[in-house]
Every structure is written in C-alpha cells, then in structure tokens.
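What follows draws every value from the coordinates through simple rules; no lab data is involved. This structure is a prediction, so every number in the text was calculated from the model and none was measured. Neighbour counts run over all protein chains shown; Cβ positions are idealised from the backbone, glycine included.
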Amino acid sequence: MASSVVPSGGSTLPITGGTGRWALALGLFAVAYGTNVSTPLLLLYERELGLTPWTVTALFAVYPLGLAPALVYSGPASDVLGRRPVVVPGLVLSAAASVVMIAGASSLPLLFLGRFLLGAVSGLVFVVASAWMQELGAANPMWASRLTGLILYAGFGAGPLISGALGEWGPVPLAVPYLVHLALVVAGLATVWRVPETVVRVVGRRMRPNLGVPAESRRVFWTVVAPTAVGVFGFPSLAFGLFPVLLRPAMESIAVFVTGIIGLLAMGSIVPAQAWVGRVGPYRAAPLGLALGTSGCATGLVAFSTGLWWLLLPASVLMGVASGLSMTSGLRFVDLITRPEDRGACTGSFYAVAYAAMTMPVVVSTLARPLGFTAVLAVLTAAGTTIAVLLLRSARQASLVVSGG
C-alpha cells in the first residue's frame, strides 16, 4: 500500500513500503549478524593468545570506539546525500571487518582493528537504516520502530549462537563463523538496491555534523532519550562481554557455546519486549527496561558470587528484554522529537549514547582492579535502580510535552 513520507531533503516522495522494508531488512540483518560473531570467539582468542580478562573486555569495548566518527557523520551525510549512498559502503565495510578478524586469528593488533571496524560499520548502517526504515514505514511509525528492533536483535542473537556452536565444535572455528557472515553480506548487497530512496538531494544544503535535536526538545533528549539509550546496549554488553569471562572457570568445557546461548536468549527476548512497548507505551516502557536490566545485572552478580553459571541464562533474558524495551522506546522518542530533515542526525545521537554504554564491561573490569568485581557490580546495580526511578519521573513529565506517545 502506497504511503507518503517527508524525506530529509524536504520534498514528499510516494513510497511503497512493503518490498522496500523487507529488502532493507536483509541488509540490516547481515550487518547486525556480523557485529556479534566475534563475541563468543573472544574466549577462544583468550586461550589461543594467552590474553588477560581485562584485555578480553578491552577487545569487546573497542567496538564502540569505532562508532564515534561514524555516528557524527553518517546521519547528517545521509540527510544530504541519501540513505543508499551510506548504507551500501557500510555493507562492504562489514565484509571487510570479517576478513580482518579472520586474518587476526593470531594477531592481537588485527583483532583490535577488526573490532574497531565493526563499530564503525554499525555506526554507518544502523543509524541510516533505522532512519530509512522509519521513513518507509511512516504510515505506521510504531511498527517501523518494532521492525527495526526485531531485525537488529535477530541478527545480534543469530550471530553469537551460530558462531558459538561453530566455535565450540565446528572446523576452523576462528574462520568459518566469519564466512557465514560474508555470505549474508553478499545477499544484503544484492537486495538493498530494491529499496526506494527517501531523500531528495537539495542543491546547496551542506553536510554539517549535528545532534539533530531541536532546541525545544533538548531537555527531553537528555532526560528521557539518552537514559533510555543507555539501556539498549549497556546491560546486554555485561551479559556478552563480562559475565562469561568471569564465570568461565565454572563452565570451562562449554563456555564458548554457553556464551552463544546467552546471546540468543538476550536478543531473542526482543519479540515480547516489543509487544510490551505497544501495550504500555514508550514512556512507561523505557523506565521498565532500565529496571529489568538492573535486575539482570543483580542476577549476574549472584552468579559470579556463587559460581552458579546457569543464572546467566535468566540474567541474559532480563537484559535482553530491557534492551528491546529501550531500543523500541528510544526510536519512537526520536521519531516524536525530531524534524524530518534531521532524522538521520537525531537517530545517530541516540545510537551514540547507546553504543557508548557498550564500554561498560571494560569500565567495570578497570574499576574492579582496586575494588573487586563484587563491589563494582553492586554499585552498578544501585545506580541502575536510581536511574530507572529518575527516568520514570522524567518520562511522565515528557509525556505532557511531547504528543503522540
């Protein structure tokens, strides 16, 4: 069914969203799949290269560092140049990152480079594809937000599950998982050309890095959108990048596979989480997400303190639901407060905060050197509870200011 959207160039384009959304979904899935392929394999790199737990968490955390330049420029660039000219190079770079990871099987510098590239790719593709998807689904913006989250989390979950199984029992475990990703990228490149462009290039419009947040909405962004964004990847990063490392001695023979299962459970929780947002609305779902993520962190703390590694499974579900609530709510918030011509930039700002929170494992590991993991995780749990309460209050106030929630 045809619908009209106001693209970032300022003109109105007739869009037939169905085919375009699903064609874009395949490319988005391919990139999301690739971002987490290396996560279970970090335990193999730890063993093969003799890495310390801190180095393993640093490898995990270098990922968001690659996001900084991508998030600053990709959204504004796509607002001016169009969505496709940014997404297609991002898919190519996603494949290049996997090639670097294959080459880095015995080289720590190459592993850091590969993880850095994966972050840059995410910044390019997730920001622009999210804005693109929102425009293709302008007739039903909540569904567009849910579909984007569904595709992202399907990729985030499938990547570690498959690479965890292949890494534990498959041939050439530090190469074959990446080859699966390369095949998906090829399929994504073949379909993305079918996605209708939604941006009309305006002569004379300059590409300026900016937050894309209107002056009248800045308070809502910093008190509601930004804390919500922390819940997107902050808590799941602990489930992926820290707790399996801490509990590896308790599950030595199956640690890589269990890490993959954790990824599947966390990311698979997106479906019920998205339905939840539809029922309670983003203003209630956002603080609920942070509260559940904090509960998952507390469960992980108990697992670490007792050695009961299986507690990571329910903890990962709690963190996954939290991430899903935060992602869908956050994208809906962005849709409510942004102007059409700055949608890419504002989406980039949301992802910038979300990915900054991915450094949580290495921050916890660094603070744990003098303080111990138990103390740091306990403080983190208390801080998460406090932020969830504050977000509940801020979201209620924002609901009176921003209409359409």
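Table for the structure above
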quantity	calculated
Full-stretch length increase - R393, E216 - with 0.36 nm per residue and alpha-carbon distance subtracted	61.8 nm
Electrostatic dipole magnitude of the range 269-396 [Cβ: Lys, Arg +1; Asp, Glu -1; Cα centre; debye, to 20]	240
Helix 67-81 axis, angle to the chain major axis (alpha carbon atoms, nearest 10°)	20
Magnitude of the charge dipole, the chain, Cβ model with Lys/Arg +1 and Asp/Glu -1, debye to 20	820
Expected 222 nm ellipticity per residue - DSSP helices of 4 or more, -39500 (n - 2.57), all of the chain, to 500	-25500 deg cm²/dmol
Nearest 10 degrees, 0 to 90: helix 373-401 Cα axis against the chain principal axis	20
Dimensions (Å) - the chain, Cα atoms, principal axes, largest first	58, 45, 34
